[in-house]
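One structure is given below, encoded as structure tokens.
The values are calculated or read from the model by the stated rules, or taken from the named source; none is laboratory data. Being a predicted model, the structure only gives us computed values, none of them experimental. Note that each Cβ is placed from the backbone with ideal geometry, even for glycine, and that neighbours are counted across all protein chains shown. Ligands, DNA and RNA are excluded from the accessible area calculation, which covers all protein heavy atoms including side chains. Shrake-Rupley method; radii C 1.70, N 1.55, O 1.52, S 1.80 Å.
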2 protein chains.
Amino acid sequence: MDKIAQEHLVFFKGLMSERAVDSDGIRLIYSSDETENLSFVPDVVLFPISTEEVAAIMKYCDKHDVVVTPAGARTGLSGGMLPVEGGVVLSTQKLNQILEIDDKNHQVTTQPGVITEVLQKAVKEKGLFYPPDPASKGSCFIGGNVSENSGGPKAVKYGVTSDYVLNLEVVLPNGEVIWTGANVLKNATGYNLTQLFVGSEGTLGIITKIVLKLLPHPTMDKLLLVPFFNAEKACEAVSAIFQAGVIPSGLEFMEKDAIRYTLNCFPELSVPVKENHAAHLLIEVDGFDEEQLMREIERIMEVLENFPIDEILFAESAAQKDQLWSMRRKVGEAVKAYSVYKEEDTVVPRYALPNLLKAVKDIGKKYGFQSVCYGHAGDGNLHVNILKGDLSDEFWENGLPVAISELFQVTVRLGGTISGEHGIGWVQKRYMPIAFNSVQLALMKQIKRVFDPKNKLNPGKIFPD
Amino acid sequence: MDKIAQEHLVFFKGLMSERAVDSDGIRLIYSSDETENLSFVPDVVLFPISTEEVAAIMKYCDKHDVVVTPAGARTGLSGGMLPVEGGVVLSTQKLNQILEIDDKNHQVTTQPGVITEVLQKAVKEKGLFYPPDPASKGSCFIGGNVSENSGGPKAVKYGVTSDYVLNLEVVLPNGEVIWTGANVLKNATGYNLTQLFVGSEGTLGIITKIVLKLLPHPTMDKLLLVPFFNAEKACEAVSAIFQAGVIPSGLEFMEKDAIRYTLNCFPELSVPVKENHAAHLLIEVDGFDEEQLMREIERIMEVLENFPIDEILFAESAAQKDQLWSMRRKVGEAVKAYSVYKEEDTVVPRYALPNLLKAVKDIGKKYGFQSVCYGHAGDGNLHVNILKGDLSDEFWENGLPVAISELFQVTVRLGGTISGEHGIGWVQKRYMPIAFNSVQLALMKQIKRVFDPKNKLNPGKIFPD
């Protein structure tokens, strides 16, 4: 650490004593998230416990041109928290209080460092429901979900994080504290700063309080696992289910290898899968009424009769539902355990999903890579895991980006875009010119400049170099 | 018209011949919307028929520093389309094509000049549902709805316009054409330009195409009119219904005078209302299943048993439902026919609604004005019509704004804000400092500058002088 950084450290230690940490161990932990095998070691990691402390940090860093990168639970998949220019990592880990569950207004006010599942359970105790449930819900922070506009399986019926964020308290890069809106369900008062912050990946300010809308919690659900003999037909069935007027609360796609890797990696999972099953759909409906759910299931079955499927597994018990969801949630982890990988987060209008899947496989053949596809088919959101396997380092570094560019071009041509729920962060930024032209990118950059004129907050993210 | 304006006219006539209109009659029509009795006459009204024509207009106006104000159907209630600095009014009236109803993806792509109800009916023919339904749905344009982030009675269950806007084609003030996002249900790719445009009241660009999300259309609904002997108790019942786990598709509040004026003004409406009814709730549930709706109605009735109500009117036929909804939709018109008025569009967390209503009445007593209150109680959105009656012009001009400021201060203290669905436009901008402090306003102004550095697009709106 250089002399200047040493002076900063003295300030931070004075401000927050043992919550300013520059040990090698902590700095190493905060050098990475769940994105590939990337690592950038920061100079110091700060653990503020209040909005005021965040404001003091930002004010100091603004004055002294210190780079700050906010970090949540570091479960991100696009490298949004990687401190690529070193400096300060500001962890929200100790901003971990649920401040108020307002059951009268169906709202919750929380700090950003609360684990999403902890928040969900807390509001469920009052009969309330916070739907967005990324696969990492057991460890990710709600602040990270807001920053990346996370989705998850329930998005198909209930929407993504942005649909629940009513208001945010934010510390701006200069240390000023603002609220972005009001705690209301409808708002036509000035520009929508709230939605500008949602999904901005920690580049515009540090989110210190979050007001979320909640729903009454559904009281029951039904779950089906449907084996298809043809993967593209499984994608087609997704659209057909919606055409029949049913909105499932989950509609997940897993191709053969996704399930195979998962069952190999987690032998405790017991799911009957046959060799000739090319893909599966996991279909959930939820609600408040047994009979209505059964009628929805019937309508889904009628649709599926017209597709090449094997015997449907109807989850009989809570334990069996857990098994099936657990299998779905562990796919990412299993595939990644198998090989070095790159994960793409393509999203298209849902009817274009079979075309997208076909394009992934065609491009894979052309460039010679293996991919494992799964994801939130109901939203048209397909996660594409590209396995390194025995591909050369040379191809991995220089050839693969060409192939990925081709995939993203197809995605955009299909009406889609390059990230549905993982964000752009560090690893996807080079592909931004496929999704946006120079005019659009210039507008976004100017917006960044409005909030962060010195480009000291989470620099190097979103925008191509 | 001065010589410079005359030169511009020559250009516009050359570009669009008879669709550039400077007749006194058309200029007078485009001098006003539905906001109070305000009128600002533009120099010329342009009726472009394509995005390319809008781009040519904007390019020319940018180069020659001509002020442009976009206009939809001029049904706005905050003066968003008033050409307060003269210049060009750019009407979207001839951008009136529904371009594609994509029933496979549950999306519609439309130009901005399509009447909202026309759009709703067109998608309904394919079994699809576009829920936002402002009271003016029979005449307002979808482009205006996007620009003002309109709501309407169905917002309580289905959300407001912003919840349905997936992507926008926009002509920027310099004439460049961009899309703001992608046609997808989830998007974590860069800053959310789409939601920045929604509700920006035509100050950042001209919206030329709109991609909206659609839902399967509910197949049935039930409607109740519930008379209360006490208006604040009616507001309390609103919250209690949600607490019981029911989400109605409409939950409207009308105080006594709102109904009285409406029934007087429209004698063809026949609704049994008694002298001792202090307020009514109009409650609708919708869905796909008769039995489930009946169970929801039962749960609502159980809640209402604990409140001071008279006999509930259960709408028996489609005709009776139309009568009740028609009455609700005509309240604004009826109250305004009765007196010169000012309409406020307060919104609070719904449980705070009784407090807000009480504050309106207390402030009315203090300052000596009569108000008629009604609105979307399920969203906490209360329209407050202040009647001029025999109040002095002096009080109306100088005294009333003090009273309104007091009302808005209470609204913000209750966690709310100053406009739920009408926008800020021209008439509410002086109150913006109650909703936002100087830091927040400065950020919004800088965002305006990013898109419109010369401040030539719809100037004089949103921001206080």
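For segment B:266-294, give me the residue count where each residue is of a type in the set (A, V, I, L, M, F, W, C), touching a helix residue (DSSP H, G or I) at 6+ places or on another chain (Cβ under 6 Å) and within 14 Å of chain A (Cβ to nearest Cβ).
1
Just to be sure, is B:Asp452 surrounded by fewer than 21 Cβ atoms within 10 Å (Cβ to Cβ) and at pLDDT below 95? Walk me through it before giving the result.
Working: surrounded by fewer than 21 Cβ atoms within 10 Å (Cβ to Cβ): yes; at pLDDT below 95: no.
Here the answer is no, as B:Asp452 does not meet what is asked.
What are the pairs, 6+ residues apart or on separate chains, where a residue within segment B:144-158 that is more than 11 Å from every other protein chain (Cβ to nearest Cβ) and of a type in the set (A, V, I, L, M) has its Cβ under 8 Å from a residue that is open to solvent by less than 30 Å² (accessible area, probe 1.4 Å) and assigned to a helix (DSSP H, G or I)?
Close Cβ pairs satisfying both conditions: B:Val146/B:Thr161; B:Val146/B:Phe197.
Return the residues of segment A:423-449 that are within 9 Å of chain B (Cβ to nearest Cβ), crowded, with 16+ Cβ neighbours inside 10 Å and either in contact (Cβ under 8 Å) with a residue 60 or more places away in the chain or among the aliphatic types (A, V, I, L, M) (or both); say none if nothing qualifies.
Listed by number, the residues that qualify are A:Gly423, A:Ile424, A:Gln428, A:Met432, A:Ala435, A:Leu441, A:Leu443, A:Met444, A:Ile447, A:Lys448.
Need the failing condition index for B:Lys186 against (1) facing another protein chain (nearest Cβ under 8 Å); (2) more than 30 Å from A:Gly144 (Cβ to Cβ), just the number.
(2)
Checking A:Gln409 against (1) open to solvent by less than 30 Å² (accessible area, probe 1.4 Å); (2) assigned to a helix (DSSP H, G or I); (3) out of contact with any Gly (no Cβ under 8 Å at 6 or more places or on another chain); (4) not basic (Lys, Arg), which single condition isn't satisfied?
Against the list (1) open to solvent by less than 30 Å² (accessible area, probe 1.4 Å); (2) assigned to a helix (DSSP H, G or I); (3) out of contact with any Gly (no Cβ under 8 Å at 6 or more places or on another chain); (4) not basic (Lys, Arg), A:Gln409 comes up short only on (1).
Which numbered condition in (1) under 19 Å from A:Glu232 (Cβ atoms); (2) out of contact with any Cys (no Cβ under 9 Å at 6 or more places or on another chain); (3) of a type in the set (Gly, Ala, Ser) is the only one that A:Ser317 fails?
(1)
Here are B:Ala318, B:Ala377: which of them is open to solvent by 50 Å² or more (accessible area, probe 1.4 Å) and of a type outside the set (Asp, Glu)? Even if it seems obvious, please write down each step before you answer.
On the way: B:Ala377 fails: open to solvent by 50 Å² or more (accessible area, probe 1.4 Å).
When all the criteria are applied, what remains is B:Ala318.
Out of the residues in segment A:73-101 that are among the charged types (D, E, K, R) and touching a residue at least 60 places away in the same chain (Cβ under 8 Å), state the one that is farthest from the other protein chains (Cβ to nearest Cβ).
Going residue by residue through segment A:73-101, those that are among the charged types (D, E, K, R) are A:74, A:85, A:94, A:100.
From the residues that got through so far, the ones that are touching a residue at least 60 places away in the same chain (Cβ under 8 Å) too are A:85, A:94.
On the way: A:Glu85: 20, A:Lys94: 26 Å.
Only one residue fits best here, namely A:Lys94.
Considering only residues of segment A:112-130 that are out of contact with any Asp or Glu (no Cβ under 7 Å at 6 or more places or on another chain) and not in a helix (DSSP H, G or I), which is most open to solvent (accessible area, probe 1.4 Å)?
The residue in question is A:Glu125.
Which number in (1) open to solvent by 60 Å² or more (accessible area, probe 1.4 Å); (2) within 20 Å of the chain's Cα centre (by Cα); (3) within 14 Å of chain B (Cβ to nearest Cβ) marks the one condition that A:Arg299 misses?
(2)
Checking A:Asn174 against (1) touching a strand residue (DSSP E or B) at 6+ places or on another chain (Cβ under 9 Å); (2) assigned to a loop (DSSP other than H, G, I, E, B); (3) not hydrophobic (A, V, I, L, M, F, W, C), which single condition isn't satisfied?
(1)
For segment B:256-280: of the residues being more than 22 Å from B:Gln370 (Cβ to Cβ) and in contact (Cβ under 8 Å) with a residue 12 or more places away in the chain, which is nearest to the chain's Cα centre (by Cα)? Working first, answer last.
Step one: of segment B:256-280, the residues more than 22 Å from B:Gln370 (Cβ to Cβ) are B:267-272.
Now restrict to residues that are in contact (Cβ under 8 Å) with a residue 12 or more places away in the chain: B:269-272.
Numbers: B:Leu269: 24, B:Ser270: 27, B:Val271: 26, B:Pro272: 29 Å.
Taking the candidates together, the pick is B:Leu269.
Please work out if A:Ile57 is more than 14 Å from chain B (Cβ to nearest Cβ) and touching a strand residue (DSSP E or B) at 6+ places or on another chain (Cβ under 8 Å). Give the steps one after another, and end with the answer.
Values: more than 14 Å from chain B (Cβ to nearest Cβ): yes; touching a strand residue (DSSP E or B) at 6+ places or on another chain (Cβ under 8 Å): yes.
So A:Ile57 passes the test.
For the structure I just gave you, tell me whether B:Leu99 is part of a strand (DSSP E or B), surrounded by fewer than 19 Cβ atoms within 10 Å (Cβ to Cβ) and of a type outside the set (D, E, K, R). Break it down into steps so the answer makes sense when it comes.
Details: part of a strand (DSSP E or B): yes; surrounded by fewer than 19 Cβ atoms within 10 Å (Cβ to Cβ): yes; of a type outside the set (D, E, K, R): yes.
Taking the combined requirement at face value, the residue satisfies it.
Where residues in segment A:377-418 are farther than 23 Å from A:Tyr261 by Cβ and aliphatic (A, V, I, L, M), which of them is nearest to the other protein chains (Cβ to nearest Cβ)?
Within segment A:377-418, the match that is nearest to the other protein chains (Cβ to nearest Cβ) is A:Ile418.
Is at least one residue of segment B:5-16 open to solvent by 30 Å² or more (accessible area, probe 1.4 Å), at pLDDT 95 or above and part of a loop (DSSP other than H, G, I, E, B)?
If we filter segment B:5-16 for residues that are open to solvent by 30 Å² or more (accessible area, probe 1.4 Å), which is where we start, we get B:6-7, B:10-11, B:13-15.
Still in the list and also at pLDDT 95 or above: B:10-11, B:13-15.
With part of a loop (DSSP other than H, G, I, E, B) added as a condition, the list becomes none.
There is no residue in segment B:5-16 that is open to solvent by 30 Å² or more (accessible area, probe 1.4 Å), at pLDDT 95 or above and part of a loop (DSSP other than H, G, I, E, B).
Quick check on B:Lys104: is it assigned to a loop (DSSP other than H, G, I, E, B), touching a helix residue (DSSP H, G or I) at 6+ places or on another chain (Cβ under 8 Å) and without any contact (Cβ under 8 Å) to a residue 12 or more places away in the chain? Full working, then the answer.
Working: assigned to a loop (DSSP other than H, G, I, E, B): yes; touching a helix residue (DSSP H, G or I) at 6+ places or on another chain (Cβ under 8 Å): yes; without any contact (Cβ under 8 Å) to a residue 12 or more places away in the chain: yes.
Yes: the conditions hold for B:Lys104.
Considering each of B:Val335, B:Val348 in turn, give the residue that is open to solvent by less than 40 Å² (accessible area, probe 1.4 Å), modelled with pLDDT of 95 or more and within 23 Å of the chain's Cα centre (by Cα).
Values: B:Val335 fails: modelled with pLDDT of 95 or more.
Just one listed residue meets the conditions, B:Val348.
For A:Leu166, all conditions in the list (1) part of a loop (DSSP other than H, G, I, E, B); (2) within 14 Å of chain B (Cβ to nearest Cβ) hold save one; what is the number of the exception?
Status for A:Leu166: all satisfied but (1).
Quick grid of which residues meet (1) in the same structural domain as A:Ser200 (by TED's automatic domain parsing); (2) touching a strand residue (DSSP E or B) at 6+ places or on another chain (Cβ under 7 Å):
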| site | (1), (2) |
| --- | --- |
| A:Ser50 | no, no |
| A:Cys61 | no, yes |
| A:Pro83 | no, yes |
| A:Gly86 | no, no |
| A:Thr109 | yes, yes |
| A:Val114 | yes, yes |
| A:Gly143 | yes, yes |
| A:Ser147 | yes, yes |
| A:Gly151 | yes, yes |
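If you take the residues of segment A:141-165 that are of a type in the set (Phe, Trp, Tyr) and more than 17 Å from A:His422 (Cβ to Cβ), which of them is surrounded by the fewest Cβ atoms within 10 Å (Cβ to Cβ)?
Going through the qualifying residues, I end up with A:Tyr158.
Report yes if some residue within segment A:204-226 is open to solvent by 10 Å² or more (accessible area, probe 1.4 Å), β-branched (Val, Ile, Thr), part of a loop (DSSP other than H, G, I, E, B) and within 11 Å of chain B (Cβ to nearest Cβ); otherwise report no. Reasoning before the result, please.
Quick first cut of segment A:204-226, residues open to solvent by 10 Å² or more (accessible area, probe 1.4 Å) only: A:207, A:209, A:213, A:215-222.
Keeping just the survivors that are β-branched (Val, Ile, Thr) gives A:207, A:219.
Subset that is part of a loop (DSSP other than H, G, I, E, B): A:219.
Checking the rest, the ones that are also within 11 Å of chain B (Cβ to nearest Cβ) come to A:219.
Yes, some residue in segment A:204-226 is open to solvent by 10 Å² or more (accessible area, probe 1.4 Å), β-branched (Val, Ile, Thr), part of a loop (DSSP other than H, G, I, E, B) and within 11 Å of chain B (Cβ to nearest Cβ).
Conditions tested, residue by residue: (1) outside the structural domain of B:Val372 (by TED's automatic domain parsing); (2) out of contact with any Pro (no Cβ under 8 Å at 6 or more places or on another chain); (3) part of a loop (DSSP other than H, G, I, E, B).
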site	(1), (2), (3)
B:Ile259	yes, yes, no
B:Val273	yes, no, yes
B:His280	yes, no, no
B:Asn306	yes, yes, yes
B:Gln320	yes, yes, no
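Pull out all pairs, ordered by first then second residue, where Cβ-Cβ is under 7 Å, the residues are six or more apart or on different chains, the first lies in segment B:291-314 and is in contact (Cβ under 8 Å) with a residue 12 or more places away in the chain, and the second is in a helix (DSSP H, G or I) and among the hydrophobic types (A, V, I, L, M, F, W, C).
Cβ pairs passing all conditions: B:Ile300/B:Ile241; B:Val303/B:Ala237; B:Val303/B:Ala240; B:Val303/B:Ile241; B:Leu304/B:Ala237; B:Phe307/B:Ala237.
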